[in-house]
Every structure is written in C-alpha cells, then in structure tokens.
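Visitor: Have a look at the structure that comes next, please.
Every number here is computed from the coordinates shown, using simple stated rules; none is lab data. Here the structure is a predicted model, which is why all the values come from computation and not from measurement. Cβ coordinates were reconstructed from backbone atoms using ideal geometry, including for glycine residues, and neighbour counts include every protein chain displayed.
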Amino acid sequence: MQKIGDIRENRQNASLPGDLGFDSSQVSPIIERNLVWRVEPELAYGNIHFCDNCKAFTTERHRGYALDPVTGMVKMPCGGGLGDRGLMLLYDEKKNTFGYYGFVDGKMSFAMWPGAEYKEEVNRQYAYRLIDSDKVVVDRNEVFERDVYDLSEAFIGDKYALSYAIAFVTDFIYEDYRYNLKSNGDVERSAVKLNGKWGVVDINGNTIVPFCFDDMYFIDNETAFAKYKDKYGILDVNKTIETLMGGQGDR
C-alpha cells in the first residue's frame, strides 16, 4: 500500500470542478437536451434517504415508504428506525493527520493518525472534512462507561474534499457528498453538493455531470435517484455522461 505523500502539494495540483466547460448560463439548455432518464422526474417525494443498515431507499428518513430502485415506486411502508450511522472522515491540515468520528462497534469513536501511517483502500473515493483536532474535548461518561467527544467547535470549515488512491483530487469546496453505494468496493465517482446543487465528480476530481440537481443518491454503477425541478426521477448516469461529452458542441 502506497503511503500518503505531500497532501498540501497534491491539493495545489488538484483539479477543480467545471472540467466539462459548463457555466451557469449554459446549464439549463444542456440539461434539457442531454439528461437521460430511465424514470422521468415526475415522482413527488419530499426527500429520499438511503439507509446503509437496511440497504434500502426510503422516503422521509425511515418514516415513510421503501422504494423500488428500478421503478422509483413505493414498495411497502417503512418499519421505522434511525437510518444510517456512517463515519465522518477527518483531516487536520496543520498536523497532516487523518481519522474519523462516528459509530464503531456500537459506540461513538474518534481517532486520528499521522499521514505517513494512514492508509486508504486504493480503489475507493473518499470525502474528508477539515478539523482542528486540538479543539476536541474528551470527557469520560461513567454512567455509560464511554468517552464523549465534543466536536461542536472543532471544525475549521464545513466543506469536504475528495481523495482517491491515497491523494486529494479536489480542494475543500463541497457542501455534502454521497458515494456510489453499490459499486462492490470500487468507487469511481461520487455525488457531491456545490453551491446548493448536486452533480457528479470522478476519481480525478473532474465534474462529469453538472451541478443542477436538488438531490442525488446513487442506486448502482449506472443509475441514481435525482431530484430535478422539485421532482425525483431515476437518472441513467452513464448515458447522461456519454451524451454530455458527445454533445458539448451542441449548446
């Protein structure tokens, strides 16, 4: 496994969004002509949520209905629950340390490692959030016999950066992110949020689907639930990328 190199240098050389050459005045007509839908954006759900515990798409964060990932239609009422409890990945730029905060083995955990010792799975894309780990306060709760971490004032910023193959490929510019959740471990693209809109970024940090959606969740390697003009549909991501790349001259 290759060790992480000079992260600051990698960030300075990183690709930034906009690699397809779209600007805000071009997005609307390009979307109308080149987005490819398997299910048209006509599904009037308030929001869609993916539960990593249940491996299911639901409406209203487990308080609504489970959805069919092929048709987008309701399958059954959802049984309720807390939803996913994923780890938040962290990076301390001053110390060049990496780590996480979240549930591990049923309890909240926080840990950081020096960059030279930290390892990622090479073929996965990750999203990190900046943290000042010196500001993290750890108190021991004797009642529950666990450490309690106060991260309320720990973060330097609220933006995410993407990494791939042990290196950052974007700067800390994204407001939120969602991995391609069912790609058998090899994550080659992520849905990310920029300026209030969702798009898709590849492993090199290139924008391959413009930031034009109100919400987006990958279903598999080829499709995603995407909210466009206040309605959800199922976007054919691969064919959309093909039409956008092939139709750049038709603007």
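Visitor: I need the calculated FRET efficiency for the pair Ser109 and Arg33, taking r as the beta carbon distance and R₀ as 45 Å, to the nearest 0.05.
Guide: Working: r = 48 Å, r/R0 = 1.06.
With a Förster radius of 45 Å, E is 0.40.
Visitor: Could you order the peptides 36-42, 172-178 from most to least packed, using the average number of other C-beta atoms within 10 Å per residue? Show your work: numbers first, answer last.
Guide: Values: 36-42: 15.7, 172-178: 18.0.
Going from most to least packed, we get 172-178, 36-42.
Visitor: Under the Karplus relation 6.51 cos²θ - 1.76 cosθ + 1.60, θ = phi - 60°, what is the ordered set of whole-Hz ³J(HN,Hα) values for the range 231-245, x standing for Gly and Pro?
Guide: 10, 8, x, 10, 8, 7, 5, 4, 5, 5, 4, 4, 5, 5, 5
Visitor: So, one more: If you rank Thr59, Thr170 by fewest surrounding Cβ atoms within 10 Å, what's the result?
Guide: On the way: Thr59 20, Thr170 26.
Lowest count first: Thr59, Thr170.
Visitor: List the pairs from Lys75/Lys239; Lys94/Lys239; Lys75/Lys229; Lys135/Lys227; Lys107/Lys193 whose alpha-carbon separation is above 32 Å, in the order I gave them.
Guide: With Cα atoms farther than 32 Å apart: Lys94/Lys239; Lys135/Lys227.
Visitor: Determine ³J(HN,Hα), in whole Hz, for all residues of the range 39-48 in sequence, where each value follows from phi through the Karplus function 6.51 cos²θ - 1.76 cosθ + 1.60 and θ = phi - 60°; x replaces Gly and Pro.
Guide: Computed from phi, the couplings for the range 39-48 are 10, 4, x, 10, 8, 8, 9, x, 7, 10 Hz.
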